[in-house]
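Asks: Dropping the structure in here first, questions after.
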Amino acid sequence: MVKNIFIVLLVLFNMFVASSLCHADEPQEELQHYKVGLGDVLDISVLDHDELKTTAPVTSDGSITFPYIGSINVKGLSLSDIEKEIEKRLSSSYIKYPVVSVTLTRFENVKFFVYGEVKNPGRYTLEGNMTVFKAISSAGGITSDGIYGKVKVRRRQKVGGTYQEININLKNIKESMMNCDMPVEDEDVIVVERNKDFYVYGEVSKPGKYTLGDQMTVLQAISIAGGITTNGLYGKIKVRRKQKMEGAYKEINIDFKNTKENAMNSDMPVEDGDVIVVERNKDFFVYGEVARPGKYTLEDQMTVLRAISIAGGFAKFGSPDRVKILRTVHGNTRYENIKVDTKGAVKGDVDKDIRLESGDIVIVMEGIL
């Protein structure tokens with residue numbers, strides 16, 4: 001009976017030692033391939049020898065100091081390699097069967113990098129549960145030039161030495177953890193890109209360059225630029241967008257007055273580098289026998305009858321039978337003379353009420369007695 005108890009105790013002891021040895025071979029599973037570097041701090045203990053428990057920093061020459069042994073060069077070794085080396089030296093003179101455990105308390109050699117639009121770009125030590133959000137905070141946070149810039153993580157792959165680029169959306173951290181924040185790994189390079197820009201020129205209160213915010217539209221962009229001035233209320237709005245082909249641009253007309261749901265070109269998202277131009281109002285002229293001859297703003301769908309009305313209507317001697325439009329011929333200095341059937345327009349013939357173009361001159365002549 002006593003013999004059986006002794007055998008059971010012996011088996012349990014061997015299991016304990018084997019377990020200890022197993023942990024010695026894999027001191028920290030996630031760091032089993034980690035190579036010790038300068039500035040790392042190691043915790044070293046020997047089973048049943050509490051007096052040998054040591055906290056050993058790796059010095060500038062890559063070594064640590066341990067009781068009985070003295071200096072050991074550990075730079076570039078794994079934790080299990082260091083355990084075996086200490087066990088080998090201890091067993092040669094001091095302890096017959098030493099069981100050594102080495103763990104890392106500071107990971108100076110595990111590092112990550114933060115570049116781009118942060119206050120303190122550079123290399124940082126990977127400590128604790130570091131995430132991308134915490135890493136950027138460690139680098140002083142994002143500057144004003146990077147508030148709307150993309151955040152990317154460039155991560156080296158274990159096989160092939162290639163890199164994976166991961167987009168991070170820090171603005172959605174509270175809503176979802178999917179690609180919003182993630183743990184940082186050794187050698188990760190975190191890049192906060194510069195804000196994208198767009199430009200607003202022409203008849204706006206504050207023309208210039210602006211930062212492209214999230215889901216910015218042309219209407220919002222013009223609002224940020226102070227809105228349209230009175231000189232641009234009836235001017236065309238265009239977006240000049242750079243194309244993939246070098247030096248090529250596409251010009252897109254925007255029609256804010258088309259308020260129908262899902263209307264084409266009524267508003268659209270702004271892209272990086274877009275140039276938004278609010279053109280000056282176009283003008284037309286009304287001369288002759290009207291109450292207020294002069295220059296007027298060409299509003300949308302301006303017609304001859306409407307133009308005469310804006311100019312105060314026919315004067316005393318103005319004749320509805322003698323109205324014409326002088327229109328510039330494209331690419332020429334001469335004018336096209338267009339006779340207007342004003343009476344037909346008044347009777348409701350839409351085709352007779354001619355729509356005016358920029359620069360048109362409406363002339364109302366005197367009636368013939």
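The values are calculated or read from the model by the stated rules, or taken from the named source; none is laboratory data. Please read these numbers as outputs of a predicted model, since none were measured by experiment. As a convention, Cβ positions derive from the backbone with ideal geometry for all residues, glycine included, and neighbour counts pool all protein chains shown. The protein model used for the area step is the full one, side chains on, heavy atoms only, and it has no ligands, DNA or RNA in it. Shrake-Rupley method; radii C 1.70, N 1.55, O 1.52, S 1.80 Å.
Asks: Which members of the stretch 164-188 meet the condition of being open to solvent by 80 Å² or more (accessible area, probe 1.4 Å) and at pLDDT 85 or above?
Replies: GLN164, GLU165, ASN167, PRO183, GLU185
Asks: Give the number of residues within the stretch 273-321 that are open to solvent by 50 Å² or more (accessible area, probe 1.4 Å), in contact with an Asp or Glu (Cβ under 7 Å, 6 or more places away or on another chain) and either over 24 Å from LYS352 (Cβ atoms) or among the basic types (Lys, Arg) (or both).
Replies: Total meeting the criteria: 2.
Asks: As an exercise: evaluate SER137 against (1) in contact with a strand residue (DSSP E or B) (Cβ under 6 Å, 6 or more places away or on another chain); (2) closer than 25 Å to ASP40 by Cβ and give the number of the one condition it does not meet.
Replies: Of the numbered conditions (1) in contact with a strand residue (DSSP E or B) (Cβ under 6 Å, 6 or more places away or on another chain); (2) closer than 25 Å to ASP40 by Cβ, the odd one out for SER137 is (1).
Per-residue answers, yes or no, for (1) open to solvent by 60 Å² or more (accessible area, probe 1.4 Å); (2) in a strand (DSSP E or B):
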| position | (1), (2) |
| --- | --- |
| ASP61 | yes, no |
| GLY76 | no, no |
| GLU83 | no, no |
| LYS88 | yes, no |
| THR103 | no, yes |
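Asks: Go through (1) of a type outside the set (A, V, I, L, M, F, W, C); (2) open to solvent by less than 100 Å² (accessible area, probe 1.4 Å); (3) without any contact (Cβ under 8 Å) to a residue 24 or more places away in the chain and name the single condition SER358 misses.
Replies: The one condition SER358 does not meet is (3).
Asks: Consider the stretch 202-228. How many of its residues are in contact (Cβ under 8 Å) with a residue 12 or more places away in the chain, surrounded by fewer than 16 Cβ atoms within 10 Å (Cβ to Cβ) and hydroxyl-bearing (Ser, Thr, Tyr)?
Replies: The number of residues fulfilling the criteria is 2.
Asks: Ok, one more. Identify the single condition in (1) out of contact with any strand residue (DSSP E or B) (no Cβ under 6 Å at 6 or more places or on another chain); (2) of a type in the set (Asp, Glu); (3) surrounded by 15 or more Cβ atoms within 10 Å (Cβ to Cβ) that ASP351 does not satisfy, given that it satisfies every other one.
Replies: So the condition that ASP351 fails would be (3).
Asks: Is it the case, given these coordinates, that VAL218 is among the aliphatic types (A, V, I, L, M), touching a helix residue (DSSP H, G or I) at 6+ places or on another chain (Cβ under 8 Å) and under 23 Å from LYS282 (Cα atoms)?
Replies: In short, no.
Asks: Right, next: For the stretch 257-304, how many residues meet the condition of being closer than 27 Å to ASP197 by Cβ and either at pLDDT 90 or above or out of contact with any strand residue (DSSP E or B) (no Cβ under 7 Å at 6 or more places or on another chain) (or both)?
Replies: Here the count works out to 15.
Asks: Return the residues of the stretch 224-236 that are over 21 Å from the mean Cα position of the chain (by Cα) and under 15 Å from PRO269 (Cβ atoms); say none if nothing qualifies.
Replies: Result: no residue meets the conditions.
Asks: For residues that are in contact with a Lys or Arg (Cβ under 9 Å, 6 or more places away or on another chain) and in a strand (DSSP E or B), scanning just the stretch 45-59, find the one that is surrounded by the most Cβ atoms within 10 Å (Cβ to Cβ).
Replies: Step by step, filter the stretch 45-59, then rank; the result is VAL46.
Asks: For the stretch 50-72, which positions are touching a helix residue (DSSP H, G or I) at 6+ places or on another chain (Cβ under 9 Å) and at negative phi?
Replies: Those that are touching a helix residue (DSSP H, G or I) at 6+ places or on another chain (Cβ under 9 Å) and at negative phi: LEU52, ILE64, PHE66, ILE69, ILE72.
Asks: Failed condition for VAL191, given (1) surrounded by fewer than 17 Cβ atoms within 10 Å (Cβ to Cβ); (2) at pLDDT 85 or above, with all others met?
Replies: (1)
Conditions (1) in contact with a strand residue (DSSP E or B) (Cβ under 8 Å, 6 or more places away or on another chain); (2) over 23 Å from GLU185 (Cβ atoms), marked per residue:
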residue	(1), (2)
LEU47	yes, yes
PRO57	yes, yes
SER60	no, yes
GLU87	yes, yes
THR105	yes, no
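Asks: Let me ask something else. Considering only residues that are under 51 Å from the mean Cα position of the chain (by Cα) and small (Gly, Ala, Ser), which ones fall in the stretch 72-98?
Replies: Once the filter is applied, which keeps residues that are under 51 Å from the mean Cα position of the chain (by Cα) and small (Gly, Ala, Ser), the stretch 72-98 yields GLY76, SER78, SER80.
Asks: For ASN253, state whether it is farther than 30 Å from LYS152 by Cα, modelled with pLDDT under 95, open to solvent by less than 80 Å² (accessible area, probe 1.4 Å) and not hydrophobic (A, V, I, L, M, F, W, C).
Replies: It is false that ASN253 is farther than 30 Å from LYS152 by Cα, modelled with pLDDT under 95, open to solvent by less than 80 Å² (accessible area, probe 1.4 Å) and not hydrophobic (A, V, I, L, M, F, W, C).
Asks: Scan (1) in contact with a strand residue (DSSP E or B) (Cβ under 6 Å, 6 or more places away or on another chain); (2) open to solvent by 50 Å² or more (accessible area, probe 1.4 Å); (3) over 30 Å from THR229 (Cα atoms) for the single condition ILE338 breaks and write down its number.
Replies: If we test ILE338 against (1) in contact with a strand residue (DSSP E or B) (Cβ under 6 Å, 6 or more places away or on another chain); (2) open to solvent by 50 Å² or more (accessible area, probe 1.4 Å); (3) over 30 Å from THR229 (Cα atoms), just (2) comes out false.
Asks: Between a residue in the stretch 327-354 that is closer than 12 Å to LEU305 by Cα and any residue that is of a type in the set (S, T, N, Q), which pairs come within a Cβ distance under 7 Å, given they are 6 or more apart or on different chains?
Replies: ASP353/THR303; ILE354/THR303
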